[in-house]
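The block underneath contains the structure these notes are about, expressed in structure tokens.
The values are calculated or read from the model by the stated rules, or taken from the named source; none is laboratory data. Remember, predicted model here, so these are calculated numbers, not experimental data. Virtual Cβ from ideal backbone geometry, glycine too; neighbours counted across all protein chains shown.
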Amino acid sequence: MQQRSRLYLIASIIALTLQVFGQSTGDILIKNGTVITIEDGIKEQTDILIRNGKISQIGEGLSASNITEIDAEGMYVMPGIVDAHSHIGIDAVNEATNPVTAEVWVGDAINPFDVGLYRALAGGVTISHAMHGSANAIGGQCETIKHRWGDLDPENWRMKDAPRTIKFALGENPMRVHGEGKNVAPRTRMGIEQEFRRSFAAAKEYKAKKAKAGTTGQMPEYSLRLETLADILDGKIIIHCHSYRADEILMLMNVLEDYGVDKICFQHVNEGFKVAPELAEFGAYASVFSDWWAYKFEVYYSTAYNATILTRNNVITSINSDSRELIRHLYHEAAKTQRYGDLTDNEALKLITINPAIQLGIDDRVGSIKVGKDGDIVIFKGHPLSIYGTPQYTIVDGVVRFDINEDPDDIRVDVDPTVEIPAFYEQSVYDHEAEGCMQGVSTHSHQH
Amino acid sequence: MKQIILTVVCFLFLQIILKGQVDYDKYPQVSSSYFLQDVYLVEDGTPKMTNIHLNDGFIVQVGKSLKRPKGAIQLEADSMYVYPAFIDVLSHYGIKKSENKEKVEIKFPGMPPDKEAGITPDLSAQDLIASSTPDFSKLRDNGYAISQIANKYGMLPGSTTIALLVDDKSKRVFTDKTNQFGQFEAASGIYPATIIGIMAKFRDLYRNAEVLKKNKDTYSRSSANAQMPSSSDAIEALVPLTLKQQTMYFYPEKKLNTLRAIRLKKELGFNMNLVGIEDIAGLEDLILKENIPLALSIALPKEIKEEKQDSTAQEVSEEVKALTERRMKAYKQRMSLASYLESKSVPFAFSLGSDTGNDLKKNLKRLIDSGLTEQGAIDALTINAATMLGIADVAGSVTKGKFSNLMITDAPYFDEKSNIRMMVVGSETYEYEVKTKEDKPADESLAIEGVWDFSLDTPGGKETGTIKIEKVGDSYTIYTASSDDPSDPEINEDVSLSGNTLEYGFDMTDDGFTMPLSFSLQFTDSETMGGSVSLGEYGAFPISANKVSSPE
């Protein structure tokens, strides 16, 4: 009940801000492009009309008055790229003090000033899944954000109506942070399993207590943590779990089965190729790197064929960045599956469009070019899977947020007058360590 | 809220009257009835000559034809300027960090005791300052008569107290547990350690305070064998906030955190005032549409002067030029926040935070240079602050029936040469001698130009560096550089030698923290000097220097 009223409140806040800052959606006519629809083949010399941020027409010889036109003659037009695993645009990643912090939410920490977001747009990425890190067995709630660069209101960056998601983590990271680092459970992989079981059991008990109290009895002590865990049990939140080893992946599916939870996307999932049929049977999704591994012990047994094997076993698979560098060329990452696994063009592009959209529960809105979907489009010079492909325009809800012809040197939207900016960028040690899944955790190695 | 204000005000009255009477017996004071004759009362920007009668800490009457009542002491303020004394909306004055005698061992960093995590809404600022008994003269000397004081440490440091800034402890009128103070201060290494942890913890605590209230209501209606609901001290202390009997004074510190504080307010529904607002450039309208009362920080960023086009200077690249221009633009936007609010008719106040207001006039003048009106500045420090604190019916203007809190200056406040000559705070008066600077002629026998190596003893260790002195006409240009960064000296132009003394100063900013430095150098001869450097509120420390080279 409280949860619902909170959501209602948030929804009404969004409605209010949209009224004030109405420039969140726009109208655009894209002419004569080669349209890669993802779900309906490739359409040559085709126009796309976006009205009020939505794709309203796809066809030949479209026209509209008083509208921005983009001439896409000789260019490729594809849906905006969706990154199912990222940590850019948020001021905090890990609340690493407790092995279970389901109550925290990175949506509280959205930072529209992060220049990494603009760079992601320059790589054609219109949506990213801003995630909590992997320090805790149950980290925090994540947020699906639309890259509305230039809009300074963090609230407008949240993708309205996107399902809630939460970060779980298996293996070395939570073991090291809590077991080794703080001398508390979990110290082992089996300890991590118990964190999940304990948490779900507590949430069930909490729900029962609340039901018993009703509206007239003594209410149990309120716990935002247990409220959130109960919402997972009720199927209101999609789990995105940091994982590497096959045995642990099976373990978590067993735990979820015991508690009747079925919405899960495994992240990294480097040994996913070993349990691909089991993942498919469970209906679990997989979001992987193309060819990144060996950065710690549990990530040695890996293969660049992972995405292909998972795809061929009917697991909905995506390729993610988990990095403010990789996010700038996810289309290269998708192309690697063709070098290693002979996926078709469309299969490769699905890994960075409709598939991550399915994993985030937003495939009815984005991930393909279809009438009625959001006007999230990227226009490439050269084929997106070619090493020579380069995004020219990135459009979010019908608003051009990146235009390679109007790409100023200083793109910052926020300038701190107390800081004198040097005319060169000096990458500090801190920047390097601050990257990735283990942000905010004092450790000097092992990201993701 | 209204009810609370009334209670607070009644409490104030009662205390004043009671304590005032007690004081008559305690001190050999003839009367606390005062009369101000032929003073310029500054209201609405235009000084008007009038007379004012004060009695027992209150303004009895204001009027041109008013005669001095029998027994009233005439204060020497003829032709001086009278302003309502300043009101600070939130400071940490007199708050000291409690020393942890025993180090608490925290076994589970994810479940620390509330106190260790900075969650102490049950702590009252009145108790904290009662134990340290601060000397309020520092705030008073800068024109303040009232300050709302809050503990400084933690995410929910405690309840606030409104203090009348008098020395006589028996007359310090405090309202206790007036409001709550909040900030995004993370606990170190324990929960909540991040902004996302703090946001979640705040929601959790607040919802629990609501549950507690609900359970207590249920209990009061239930049968005799029901169990009395109980909770932690922290949650118990937040119940008045959930009932809107208290207001949350929130210090967001960082720009985006301002929106995060607003999110909590909107989601949970408590009353909130924002304090210590520094830079909200780009978010002004987003914040203003929420109609949340704002108190701006009195601290300002270090002054950035527009680069003069110097033909002899090194060629500056287009890139550097563009970056400098954007920085300048951001600086101007930051400096015009107050005037922007004024132009939008949004009343705002100022809050001191950890400042004591030594640069108050200087900073107000900088804001006025950026477009704020003088009256706007005075209103922010008086009636707007009183309104925000809910005490406008007893403070914030020179009006019959209000507290006799006056600032009396010898020229209009914003005049370069004006001085505060008297502060009246309740029934107490404080007079100030004017510090006249002796304009001694320069000691002609000294040749101080050249480069000096100095050594400054501070509690943090010895600081060394160089002071280069150049003679320009009759005065000097001084380049002061630390040996850590010899290539980036602070420059003071147009400094004159008075006798054998050279006085100058500048602000040093590091990581957002500003420390004012003022140098007082006495030359023994042309080769050696000594003196002191005062470092903001930390006091003055000895400096000594020897000349290492003279100009050719």
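Tabulated data
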| read-out | value |
| --- | --- |
| Residues that are over 25 Å from B:Gln126 (Cα atoms) and of a type in the set (Ser, Thr, Tyr), drawn from the range B:181-220 | B:Ser188, B:Tyr191, B:Thr194, B:Thr218, B:Tyr219, B:Ser220 |
| Any hit, the range B:311-324, residues being in contact with a strand residue (DSSP E or B) (Cβ under 9 Å, 6 or more places away or on another chain) and either within 30 Å of B:Leu406 (Cβ to Cβ) or of a type in the set (S, T, N, Q) (or both) | no |
| Residues of the range A:167-214 satisfying the condition of being among the aromatic types (Phe, Trp, Tyr) and either assigned to a helix (DSSP H, G or I) or modelled with pLDDT under 95 (or both) | A:Phe196, A:Phe200, A:Tyr206 |
| Residue in the range A:218-229 that is over 23 Å from the mean Cα position of the chain (by Cα) and small (Gly, Ala, Ser) present | yes |
| Test: B:Gly182 is more than 10 Å from every other protein chain (Cβ to nearest Cβ) and modelled with pLDDT of 95 or more | yes |
| The range A:43-72 - residue that is among the hydrophobic types (A, V, I, L, M, F, W, C) and touching a residue at least 60 places away in the same chain (Cβ under 8 Å) and, of those, surrounded by the fewest Cβ atoms within 10 Å (Cβ to Cβ) | A:Ile58 |
| Answer residue from the range A:265-292, given it is without any contact (Cβ under 8 Å) to a residue 40 or more places away in the chain and closer than 20 Å to A:Arg164 by Cα and is surrounded by the fewest Cβ atoms within 10 Å (Cβ to Cβ) among those | A:Gly283 |
| Failed item, numbered, when B:Ala377 is tested on (1) within 20 Å of the chain's Cα centre (by Cα); (2) over 19 Å from B:Ala145 (Cβ atoms); (3) assigned to a helix (DSSP H, G or I) | (2) |
| Count of the range B:254-279 residues which are within 10 Å of chain A (Cβ to nearest Cβ) and part of a loop (DSSP other than H, G, I, E, B) | 4 |
| Criterion (under 23 Å from A:Val413 (Cβ atoms) and among the polar types (S, T, N, Q)) met by exactly one of A:Ser134, A:Ser128 | A:Ser128 |
| Residue count for the range B:213-233, restricted to those that are more than 9 Å from every other protein chain (Cβ to nearest Cβ) and either closer than 15 Å to B:Leu268 by Cβ or not basic (Lys, Arg) (or both) | 10 |
| Matching strands (runs of 3 or more DSSP E) fully within the range B:33-88 where at least 2 residues are of a type in the set (A, V, I, L, M) | B:33-43, B:46-55, B:58-63 |
| Residues of the range B:164-188 classified as closer than 22 Å to B:Ile420 by Cα and touching a residue at least 40 places away in the same chain (Cβ under 8 Å), total | 5 |
| Among residues of the range B:96-118, those that are out of contact with any helix residue (DSSP H, G or I) (no Cβ under 6 Å at 6 or more places or on another chain) and either within 30 Å of B:Thr387 (Cβ to Cβ) or within 14 Å of another protein chain (Cβ to nearest Cβ) (or both), counted | 11 |
| Filter pass, A:Leu310 being crowded, with 21+ Cβ neighbours inside 10 Å, under 17 Å from A:His383 (Cβ atoms) and not β-branched (Val, Ile, Thr) | no |
| Filter pass, B:Tyr251 being within 29 Å of B:Leu364 (Cα to Cα) and either more than 9 Å from every other protein chain (Cβ to nearest Cβ) or touching a Ser or Thr at 6+ places or on another chain (Cβ under 7 Å) (or both) | yes |
| Residue match in the range B:294-314 (condition: without any contact (Cβ under 8 Å) to a residue 24 or more places away in the chain and within 11 Å of another protein chain (Cβ to nearest Cβ)) | no |
| Filter result for B:Pro229 (in contact with a Phe, Trp or Tyr (Cβ under 6 Å, 6 or more places away or on another chain) and surrounded by fewer than 22 Cβ atoms within 10 Å (Cβ to Cβ)) | yes |
| Selected residue (only one of A:Phe196, A:Phe168 is without any contact (Cβ under 8 Å) to a residue 60 or more places away in the chain, buried (at least 17 other Cβ atoms within 10 Å of the Cβ) and away from every other protein chain (no Cβ under 14 Å)) | A:Phe196 |
| From B:Lys97, B:Lys67, residue being surrounded by fewer than 21 Cβ atoms within 10 Å (Cβ to Cβ), among the basic types (Lys, Arg) and free of Cβ contacts under 8 Å to residues at least 24 places away in the same chain | B:Lys67 |
| Lone qualifier among B:Leu274, B:Leu205 - being closer than 26 Å to B:Ala330 by Cβ, crowded, with 22+ Cβ neighbours inside 10 Å and not aromatic (Phe, Trp, Tyr) | B:Leu274 |
| Long-range neighbours under 6 Å by Cβ, at least six apart or interchain, first residue facing chain B (nearest Cβ under 8 Å) within the range A:403-419, second part of a loop (DSSP other than H, G, I, E, B) and not basic (Lys, Arg) | A:Val413/A:Phe113; A:Asp414/A:Phe113; A:Pro417/B:Pro301; A:Thr418/B:Pro301 |
| Output for the range B:203-239, where each listed residue is in a loop (DSSP other than H, G, I, E, B), closer than 20 Å to B:Ala117 by Cα and touching a helix residue (DSSP H, G or I) at 6+ places or on another chain (Cβ under 6 Å) | B:Ser231 |
| Qualifying residue in the range A:79-98 (condition: buried (at least 24 other Cβ atoms within 10 Å of the Cβ), away from chain B (no Cβ under 14 Å), in a strand (DSSP E or B) and over 12 Å from the mean Cα position of the chain (by Cα)) | yes |
